[in-house]
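The values are calculated or read from the model by the stated rules, or taken from the named source; none is laboratory data. Since this is a predicted model, take the numbers as computed values, not measurements. Ideal geometry is used to build each Cβ from the backbone, glycine not excepted, and the neighbour counts take in all protein chains shown. Just the protein is used for accessible areas: all its heavy atoms, side chains included, with ligands, DNA and RNA removed. Shrake-Rupley method; radii C 1.70, N 1.55, O 1.52, S 1.80 Å.
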Amino acid sequence: MNKPATITAFSACPHDCPSTCALEVEVTAEGRIGRLRGAPDNDYTAGVICAKVARYTERLYHPDRLTRPLRRVGAKGEGRFEPISWDAALDLIAEKFLDAEARFGTETIWPYHYAGTMGLVQRDAIHRFRHAKGTSRQFDSFCTNMAWTGYVAGTGRLSGPDPREIARADQVVIWGTNAVATQVNVMTHAIAARKQRGARIIVVDVYRTETMKQADVGVIVKPGSDAALACAIMHVLFRDDLADRAYLARYTDCPDALEAHLASRTPEWAEAICGVPAADIVSLAHMIGQVKKTFFRLGYGFTRTRNGAVSMHAAASIAAVTGCWQYEGGGAFHNNGAIYQLNKAMVEAPELKTATRLLDQSLVGRVLTGDRTALAGGPPVTAMLIQNTNPVSVAPEQRKVVEGFAREDLFTVVHEQFMTDTARHADIVLPATQFLEHDDIYKGGGHQYLIFGPKLTEAPGEARENLFVINELARRIGAKDHPGFHMSAREHVDWMLVNSGYGTLADLEAGRWKDMQPGFEQAHFLKGFGHADGKFHFRVDWARTLAPNRPEDGKALGPVATMPELPDYWDAVERADADHPFRLVTAPARSFLNSTFSETPGSVKKEGGRPEVWLTAQDAAKAGVADGDKVVMGNGRGEVVLHARVIEGLVQGTVISEGLWPNSAFETGCGINTLTGADPVAPYGGAAFHDTAVWIRKAG
Ligand SMILES: Nc1nc2c(c(=O)[nH]1)N[C@H]1C(S)=C(S)[C@@H](COP(=O)(O)OP(=O)(O)OC[C@H]3O[C@@H](n4cnc5c(=O)[nH]c(N)nc54)[C@H](O)[C@@H]3O)O[C@H]1N2
Ligand SMILES: Nc1nc2c(c(=O)[nH]1)N[C@H]1C(S)=C(S)[C@@H](COP(=O)(O)OP(=O)(O)OC[C@H]3O[C@@H](n4cnc5c(=O)[nH]c(N)nc54)[C@H](O)[C@@H]3O)O[C@H]1N2
Ligand code: SF4
Ligand SMILES: [Mo]
């Protein structure tokens, strides 16, 4: 008898990664999933995906997947649960939510989500739930605030040159992103440019990452000092006649003021701040000034600091001084958010929105421990529904987060695929589908495709999709009705496409993806930048600038008054001092995705099995620790226990801890975010995950 055929189906990677890879998925005749590959005929993915998703069956068929609803029987955080039926679980949740509402009003309920799946239906249906019930809403601040604000302050629009043009550049500057780890396709195209055109690859980071190891030129800066480097580069461009003055006159707001302002931002001035030797800054500026087709790929990493928006704006400004925006293969790209004009009214029900309070997701620890400012003047939070995020691991000020989730008067529901640090603190845990088990649509932040990801296999046990939980709970707690609550995920996707003028779901499935790339002139801002005057803005009024993440009330956050008007180094970082001599960067691990994949043995092994802090030999000596020692690292927010590793390729004073390991991987159960601060970064919020002063000593 012939073996039943395995078919190849198509999907998109759902994880929170700018690459949003187009996937080919093997499905056996029995409906089991086999290998996942990058779609070879998608010209951005180009057949390449990361190793952690290539071995996805390890996660999909993981023995620890949640398959039944669970009710807590032990203490909060202890992890003892007993099975309960879906109906009983949903009824209990409704009863508890309604009790909470009766005591404190609907704002006591905080549906809390982030981007565990980037699918637009399964991720964002929670907005509809919030609006239809009038619960507290959420101000997103984990990830994009400083980066998007800084980029848009310059360009006026969150888009840029076609990311595929990286392959047609003569020079690629990868700034503040560890692309090998966090968005592998950037490397695919950069390496293609090197092979085909001899392009030079320049990488700017705070340590010698895997990306820097593949570069022709590596520039290692001190954390949070990128704007100083950018300013000195622009100083040299003006000084050595490498600025494109015709371009500046036509396309920028105040080139003369910028030039005058930068006169004192010399390479020597910058060296003292960023640690890069002045001579290296000059040669870097010459490389950038002499190659017209220079593509700047600006990442998020260098903006996760208290001056991050200013750093992003300064780096993007370099491209306006050289005028490289004009050329194919040139310009500065960060994210393509603005090219998609999707109508999400059916998913989110914006017409039901009321002015309920916005709670900052990064301040979850302060909110749950009763901080009045964080509570925005409203009632305590006593009921939460959490989907797509693991705040007990990923949110800053972890000590407060854990203290908050341990509250007996807080009723927490966590809808999850695994027993995460957050699920462990829940009263009710609901089992969730993974992306190959539900339908959704995805848009690439780092590219320009819309991609459909169909349900390809059955979920294990009783796992259900996010949409199901949202629809069922809304009904049971008496939320306002809305047609969106009665539609399947496929119907939502079809409605969204049709009502955006993008064809139908059938069209998208037939074509596998839809290329949304704007034309060359628009993408390169040749008809003008996104601001009303059509210019790139060097001068920024930070308290009033346009920004995708600006809070609804338009008010700026943090110490906005001292932000520099023109590109400059802004000394707002958490400084090292005698008691905290090191600056910690909590960079991503290649084999994890935020806290995801830390449950798969393959990824844990690749990451060396345990959390570490990396430091130079001199710093190790200064701290009195040796390679391999168990150490305590701490600051005023708390302490963590992990192991030290001595490495090279780091500026003295900088220490690195890669990966969001589960809290339980640390000896005292306190994860890396015990050390990071939640104070909102100016001007429009965000968490400074890579901007932390610490001390280190040998564990006693
Ligand atoms: N493997 C893997 N992939 C991921 C993720 C992951 O955790 N693991 N996370 C996903 C998510 S949610 C996002 S938002 C993206 C983010 O992806 P990226 O844009 O790459 O941003 P980060 O991951 O924050 O950090 C990237 C790099 O910034 C460097 N960096 C930190 N501070 C500074 C600085 O002051 N200056 C400079 N020049 N560099 C600095 C870090 O050392 C790190 O190498 O990646 C996604 N992809
Ligand atoms: N120290 C430090 N902290 C950081 C960062 C850092 O660089 N350093 N990076 C920050 C950044 S950029 C981000 S974006 C945040 C990300 O933080 P999170 O948004 O919490 O991201 P993940 O850790 O990937 O967790 C997502 C969770 O969603 C679950 N999930 C996935 N798909 C589904 C689904 O369809 N339904 C349901 N119900 N659940 C699902 C996964 O199992 C996983 O547990 O972390 C931030 N925290
Ligand atoms: S995690 Fe990122 S690089 Fe890996 S498959 Fe998904 S989108 Fe591609
Ligand atoms: Mo992120």
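Observations
- Within segment 77-95, tally of residues that are open to solvent by 80 Å² or more (accessible area, probe 1.4 Å) and touching a residue at least 24 places away in the same chain (Cβ under 8 Å): 2
- Scanning segment 51-76 for residues that are open to solvent by less than 30 Å² (accessible area, probe 1.4 Å), among the basic types (Lys, Arg) and either farther than 20 Å from Pro14 by Cα or within 16 Å of ligand 4 (Cβ to nearest atom) (or both) gives Lys52, Lys76.
- All positions within segment 489-507 that are in a helix (DSSP H, G or I) and of a type in the set (Phe, Trp, Tyr): Trp495
- Within segment 4-27, restricting attention to residues that are in contact (Cβ under 8 Å) with a residue 24 or more places away in the chain and open to solvent by 40 Å² or more (accessible area, probe 1.4 Å), the residue that is farthest from ligand 4 (Cβ to nearest atom) is Pro4.
- Residue satisfying all of: in segment 587-619; among the aliphatic types (A, V, I, L, M), closer than 11 Å to Gly659 by Cα and at pLDDT 95 or above; nearest to ligand 4 (Cβ to nearest atom) among these: Leu593
- Reported count of residues in segment 438-455, each being of a type outside the set (A, V, I, L, M) and in contact with a Lys or Arg (Cβ under 6 Å, 6 or more places away or on another chain), is 2.
- Any hit, segment 100-111, residues being within 15 Å of ligand 2 (Cβ to nearest atom) and either open to solvent by 10 Å² or more (accessible area, probe 1.4 Å) or within 21 Å of Asp360 (Cβ to Cβ) (or both): yes
- Selection within segment 661-690: residues that are among the aromatic types (Phe, Trp, Tyr) and open to solvent by less than 10 Å² (accessible area, probe 1.4 Å). The member of this set that is farthest from Gln138 (Cα to Cα) is Phe666.
- So Val48, is it surrounded by 17 or more Cβ atoms within 10 Å (Cβ to Cβ), touching a residue at least 40 places away in the same chain (Cβ under 8 Å) and touching a Leu at 6+ places or on another chain (Cβ under 6 Å): no
- Members of segment 508-524 found to be assigned to a strand (DSSP E or B) and not hydrophobic (A, V, I, L, M, F, W, C), listed by number: Lys514, Asp515
- Flag for Ala5 being assigned to a loop (DSSP other than H, G, I, E, B), away from ligand 2 (no atom under 16 Å from the Cβ) and of a type in the set (A, V, I, L, M): yes
- Members of segment 458-490 found to be of a type in the set (Val, Ile, Thr) and more than 14 Å from ligand 2 (Cβ to nearest atom), listed by number: Ile477
- Filter result for Pro548 (assigned to a loop (DSSP other than H, G, I, E, B), touching a Cys at 6+ places or on another chain (Cβ under 8 Å) and within 30 Å of Thr692 (Cα to Cα)): no
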